[in-house]
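Data block below; observations after.
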Amino acid sequence: MLRATVIAHQSVMDELVERMQLAGVLDMETAPFDLPSPSVAPDDERLRRLQEYLADATFVRDFLGRYHVSEQSFGAFVSEKIHLDADEYYSLEADAASLHLYRECEDISAKTATLERERARLVALAADLAPWSPCTCR
C-alpha cells in the first residue's frame, strides 16, 4: 500500500477528507500538524485583493462546473500540478485572462438569470390565458 501525505488548510480539511474517502481511492486518517502560518494583518490590502480573486475564481469554477462533467479520474485530482517556492507563491496575481473569464461568466450568468425570469413570466402568463383559449375573437 502506498502512503500519501496531504496538507490542507484547516478551513477545507474536512471537505477534502470527505471527498477523498467518497472517491474510495485512499484510506484516510487525519493527523493535525502545527505548521507555522504566515501572519497577515486582517486589514492587509493584499489579503483583501486575494480574497476577491478567490471569490472570483470560486464563482467561475461553480458556474462552469454546472455545465461540465469531468471525464478525468480521481487520480488527476491527486496528481502533481505545479511547484512554487514561497516567493513565487506570494507574487501570484490574477492575470488579465482570468479577470476576462470572470467577467464573461458573470455576464453570461446575468443574461441566463434574466432569460429564466422572462421564461417563468411567460409560462405564468400562458397559464393565466389558457382558460381563454376556447374563445374566438372576430
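Determine whether segment 25-44 contains at least one residue that is of a type in the set (A, V, I, L, M), surrounded by 11 or more Cβ atoms within 10 Å (Cβ to Cβ) and either modelled with pLDDT of 80 or more or not assigned by TED's automatic domain parsing to the domain that holds Ala8 (or both). Don't jump to the end; show me each part of the working.
Let us first name the residues in segment 25-44 that are of a type in the set (A, V, I, L, M), namely 25-26, 28, 31, 35, 40-41.
Filter once more, keeping what is surrounded by 11 or more Cβ atoms within 10 Å (Cβ to Cβ): 25-26, 28.
Subset that is either modelled with pLDDT of 80 or more or not assigned by TED's automatic domain parsing to the domain that holds Ala8 (or both): none.
Checking segment 25-44: not a single residue is of a type in the set (A, V, I, L, M), surrounded by 11 or more Cβ atoms within 10 Å (Cβ to Cβ) and either modelled with pLDDT of 80 or more or not assigned by TED's automatic domain parsing to the domain that holds Ala8 (or both).
What residue, of Ser79, Ser73, is surrounded by 10 or more Cβ atoms within 10 Å (Cβ to Cβ), at pLDDT below 75 and within 24 Å of Ile7 (Cα to Cα)? Full working, then the answer.
On the way: Ser79 fails: surrounded by 10 or more Cβ atoms within 10 Å (Cβ to Cβ).
Of the residues listed, the single one that is surrounded by 10 or more Cβ atoms within 10 Å (Cβ to Cβ), at pLDDT below 75 and within 24 Å of Ile7 (Cα to Cα) is Ser73.
Just to be sure I understand the filter: pairs with C-beta atoms under 8 Å, separated by 6 or more residues or on different chains, first member in segment 83-108 and more than 15 Å from Ala55 (Cβ to Cβ) and at pLDDT 90 or above, second member outside any helix (DSSP H, G or I) and of a type in the set (Val, Ile, Thr). Which pairs pass?
none
Look through segment 88-138, keep the residues that are hydroxyl-bearing (Ser, Thr, Tyr) and surrounded by fewer than 10 Cβ atoms within 10 Å (Cβ to Cβ), and return whichever of them is nearest to the chain's Cα centre (by Cα).
Among them, the one singled out is Tyr89.
The values are calculated or read from the model by the stated rules, or taken from the named source; none is laboratory data. Being a predicted model, the structure only gives us computed values, none of them experimental. Methodologically, a virtual Cβ is constructed for each residue, glycine included, from the backbone with ideal geometry; neighbour enumeration extends over all protein chains shown.
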